[in-house]
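Beneath this line is the structure, given in structure tokens, with notes to follow.
The values are calculated or read from the model by the stated rules, or taken from the named source; none is laboratory data. This one's a predicted model, so the numbers in the text were calculated from it and none came from an experiment. Positions of Cβ are backbone-derived with ideal geometry, glycine not excepted, and every protein chain shown enters the neighbour counts. Just so you know, the surface numbers come from the protein's heavy atoms only, side chains and all, with ligands and any DNA or RNA stripped out. Shrake-Rupley method; radii C 1.70, N 1.55, O 1.52, S 1.80 Å.
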Amino acid sequence: MSLDHATAEAFLERFAVALQTFDGDAWVDLFTDDAEFREDPFEPPLVGRNALRAYLLRTAELQERVDFTAERHWVVDPTILVAWHGSYVARQNRVTVRLAGFMTLEMHDGRIARLRQWVRRREGTAE
């Protein structure tokens, strides 16, 4: 399957919806069975769909009102490069956290085989 800009944009829309709605089935369907997910590129990865589902479930416990927007993306087949921003409200203390990041999605057969992201977090005040 050839990866082009429009295909990548549609994929990123699916990624955003799964993340924002905490849809575990849609989330793991974005990844290969043995996918590597690095929230910090210098830390060991989460590996496999079970680890990715657990990550999303834990995120749902900690966050609400999640927003994710892919600002720009570039395609160098088989990789999608994404500049993004987002936010969420921390359930524990009601603080809004704003995020800005960059991620690389190495694709295989239409799914993410490796995801690496770099994130800058900025905490606001409690609601």
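Remarks
- Computed on the chain, with alpha-carbon pairs under 8 angstrom and 6+ residues apart, the relative contact order is 25 percent.
- Here the chain has an Rg and Dmax of 14.3, 46 Å, counting Cα atoms alone.
- The sum of -39500 (n - 2.57) across all DSSP H runs of n ≥ 4, divided by the residue count of the chain, sets its helix-only mean residue ellipticity at 222 nm to -9000 deg cm²/dmol.
- Share of carbon and sulfur in the accessible heavy-atom surface of segment 1-86 [1.4 Å probe, %]: 53 percent
- Sites residue 95 and residue 74, calculated FRET efficiency, Cβ-Cβ separation with R0 30 Å, nearest 0.05: 0.40
- Taking label positions 7 Å along the Cα-Cβ direction at both residue 17 and residue 118, the computed distance is 3.1 nm, reported to one decimal.
- FRET efficiency for residue 25 and residue 85, using Cβ-Cβ distance with R0 set to 25 Å, rounded to 0.05: 0.45
- Each label was represented as a point 7 Å from its Cα along the Cα-to-Cβ direction; for residue 55 and residue 125 these points are 3.4 nm apart.
- Restricting the chymotrypsin sites (Phe, Trp or Tyr not before Pro) of segment 24-87 to loop positions (DSSP other than H, G, I, E, B) with no more than 11 neighbouring Cβ atoms within 10 Å leaves 42.
- Whole-angstrom gap from segment 95-127 to segment 7-27, using each part's C-alpha centre: 13 Å
- For the chain, the longest principal axis of the Cα atoms and the long axis of helix 5-21 meet at an angle of about 30 degrees.
- The Cα atoms of segment 52-127 define a convex hull whose projected area, averaged across directions, is 5.5 nm².
- Average accessible area per residue (Å²) across segment 2-50 - probe 1.4 Å, nucleic acids and ligands excluded: 55 Å²
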